[in-house]
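Here is the structure we will look at.
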Amino acid sequence: MRRRPTLESHSARTTELGDISIVRALPTRARRMVGPWCFLDRYGPVNFTSEKPMDVAPHPHMGLQTVAWLLDGEIVHNDSLGCEALMHAGQLNLMTAGKGIAHAEETPKRNSGRLSGLQLWVALPDEHQRTDPLFDHYASLPEVELPEGKVIVVLGEMFGQRSPARSFSPIIGAELSIRKAGKITLPLKRDFEHALFVLDGEVTFGDEPLRHEMLHYIGEDRDEFELRASEDSRVLLIGGEAFERPVLMWWNFVGRTHEELAQAREDWEQHRRFGEVSAYRGPRMTAPEMLSTFLSR
Ligand code: MN
């Protein structure tokens, strides 16, 4: 019997980091993951004049991939493998943390004075959790022109266009554009679960308006879906095969046990495993305290 497809809308949390407003749409209390996606931060848009609005000091990651996707502006990435990458809108910085890496992200000295983007994490499946760390920069990604819009395939495949980005489990990530008064119909894989997040504009899913600052989870068992826009709009689509059970997350780490997360914290504090980001001028981040209530869960 066919299950009726769902539409669950989850409120995101909003915070400020200096000049930048951040909307965290994943994880939420009721929705921890969408396929392998386990973290979604939307920051900006912001216009700035003198200060550099993004200055994230060196910090570690484990068990995940970081997906940095810009809608406007520039970011420079430096990591403990010695990789440096300047990223513009429409380009992808993809860091596979695996067993451990550290990185820093900053607004470069020469910049447009604008910043708007997304920071997402993809959990690595069990068999790739401890893979060697890697960094990849993709200067361009496949685009599919539609009569009333466009699709950029960031991760995975859509309309026969496969993103070159490295992935470790069945996944989709795409930026969808819909022109004012336009409509797009997108094919989906039935065994993937999916969610939508509005980046800008006014969009309806079927007859449902998709509110901003919410994660709209649309579940599995869909062959396609339709979006309509009353003004020029952009929407992020994320999805993939659901994990059998949600991963554990603490600070910047993804794992399966509390012990491995505590060990990762200890290794960062003791300057082991993750390496140093020598290109960054300034102190690195200190790990927060790990509460004993977390350890005893
Ligand atoms: Mn990071």
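Any read-out appearing in this document is the output of simple, stated calculations on the displayed coordinates, not a laboratory observation. It should be emphasised that the depicted structure is a prediction, and the values quoted were computed from it without experimental measurement. Here Cβ is always computed from backbone atoms with ideal geometry, including for glycine, and neighbour counts include all displayed protein chains.
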Checking the range 192-290 for GluC sites (Glu not before Pro) in a loop per DSSP with at most 13 other beta-carbon atoms within 10 Å yields Glu231, Glu244, Glu276, Glu289
Kirkwood-based Rg/Rh on the Cα set of the range 193-297 evaluates to 1.14
Proxy exposure order for Thr107, Thr14, Thr204 (fewest C-beta within 10 Å first) is Thr14, Thr204, Thr107
Per principal axis, largest first, the Cα atoms of the chain extend in Å by 54, 50, 33
Correct semi-axes for the range 1-127, from √(5λ) of the alpha-carbon gyration tensor and rounded to whole Å with the largest first, are 27, 20, 12
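Want the number for Gln263 to Thr6: 0.36 nm per residue separation, take away the alpha-carbon distance, what's left?
Values: separation 257, 0.36 × 257 = 92.52 nm, distance 3.86 nm.
Separation in residues times 0.36 nm, less the Cα-Cα distance, equals 88.7 nm.
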Looking only at lysines whose Cα falls under 26 Å of Lys52's and that sit 8 or more positions away or on another chain, we get Lys109
For Lys150 and Lys183, extending 7 Å from Cα along the Cα-Cβ vector and measuring point to point gives, in nm, a value of 2.3
With Cα coordinates, the longest principal axis of the chain makes an angle with the long axis of helix 258-269, in degrees rounded to 10, of 60
